[in-house]
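Please read the structure below before turning to the comments.
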Amino acid sequence: MSRFAELLEDFFYRPDEDVGGLLEFAAGSDEMLSPTPEETPEEYLAFLLEGECYAVPIASIREIGKVPPLTEIPRAAPNLLGVMNLRGDVIPVYDLKLRLRLTDAPSLVAGPDAPPPPREARILVAHTEEGPAGVWVDAVRDVVRLKPSMLESAPSGLGGERDCVVGIGRRSSQLYILIDLQQALA
């Protein structure tokens with residue numbers, strides 16, 4: 001072995017060599033470093049309403065589907081677009097835009113003479129306390145993984161009709177308005 005190889009051998013640690021407290025020394029601490037707990041990200045389904053990006057925990061969504069023909073319910077709440085038949089189950093379909101005051105008119109007019117829905121519109125079938133319920137969205141973006149450190153509580157002053165907004169998620173420069181579907185559909 002050459003003199004240069006011997007110097008390198010003495011300088012670098014071998015993979016089988018115990019380096020003991022070297023990491024703590026390099027960190028500037030004489031005491032053992034406690035490993036930082038990894039944040040477990042939660043998955044959210046991101047979707048668009050009136051050009052803004054919203055998100056709900058993906059565990060609250062049963063499925064995503066194209067907008068089927070809806071049957072209008074007379075004298076129903078304004079945010080209830082109608083009901084749809086999903087493999088034999090009759091499921092109510094709601095418009096979150098009215099709940100969030102993003103618009104004054106429903107997203108869709110139900111009935112046999114209704115114009116076709118926009119191509120990217122989707123129905124999110126959500127798990128609720130009363131059973132499955134559909135939610136009309138303009139488009140589904142993607143599934144995002146957000147760590148707890150990427151979440152902020154809802155801005156103050158959102159009470160009243162917007163109490164279903166539970167927080168804001170940040171990922172790079174993208175903001176996600178986090179919605180509690182149970183509260184939004186209550």
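Once the whole set of protein chains is in place, how much accessible area is left on SER149, using a 1.4 Å probe, in Å² to the nearest 10?
80
How do GLU72, GLU129 stack up against each other in accessible area, from largest to smallest, with a 1.4 angstrom probe?
Final ranking, largest accessible area leading: GLU129, GLU72.
In a solvent-free Debye calculation with one equal scatterer on each Cα, what is log10 I(q)/I(0) for the stretch 41-148 at q = 0.10, 0.14 Å⁻¹, listed in the order of the q values?
-0.27, -0.54
The values are calculated or read from the model by the stated rules, or taken from the named source; none is laboratory data. Keep in mind it's a predicted model, so treat the numbers as computed, not measured. The protein model used for the area step is the full one, side chains on, heavy atoms only, and it has no ligands, DNA or RNA in it. Shrake-Rupley method; radii C 1.70, N 1.55, O 1.52, S 1.80 Å.
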